[in-house]
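Below is one structure, written out as C-alpha cells; comments come after it.
The values are calculated or read from the model by the stated rules, or taken from the named source; none is laboratory data. Note that the structure is predicted; figures quoted are calculated from it, not measured. Please note that ligands, DNA and RNA were not included when accessible areas were found on the heavy atoms of the full protein model with its side chains. Shrake-Rupley method; radii C 1.70, N 1.55, O 1.52, S 1.80 Å.
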Amino acid sequence: MECTEIEPYKRNISAFDEICELGEKKDRFIQLRREKQLELDDVNSNISLIEAQIANILMTKRRKGAR
C-alpha cells in the first residue's frame, strides 16, 4: 500500500498546536467560570442578608402587633 501523505510530521505539529490552543481556550473558560462563581457567591450572600433583614422586620412587626 502506497503512502499518499506528503509530510506526516507537519500534520502532527499542526495537531499538537491545535491541542495547545484548545487547552488554552479551556483554561480561559475555567478562569471565567471561577470569576462568575465568585460573583454568584457574592450575590447569594447579599440575598441572604436581605432575607435576614426582612425576617427581622417581620418578627418586630408581629411582636409590636401582639401587644
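Overview of results
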quantity	calculated
Considering residues of segment 1-21 that are in a helix (DSSP H, G or I) and open to solvent by less than 100 Å² (accessible area, probe 1.4 Å) only, the residue modelled with the lowest pLDDT	Pro8
Filter pass, Asp41 being within 12 Å of the chain's Cα centre (by Cα), of a type outside the set (S, T, N, Q) and open to solvent by less than 90 Å² (accessible area, probe 1.4 Å)	yes
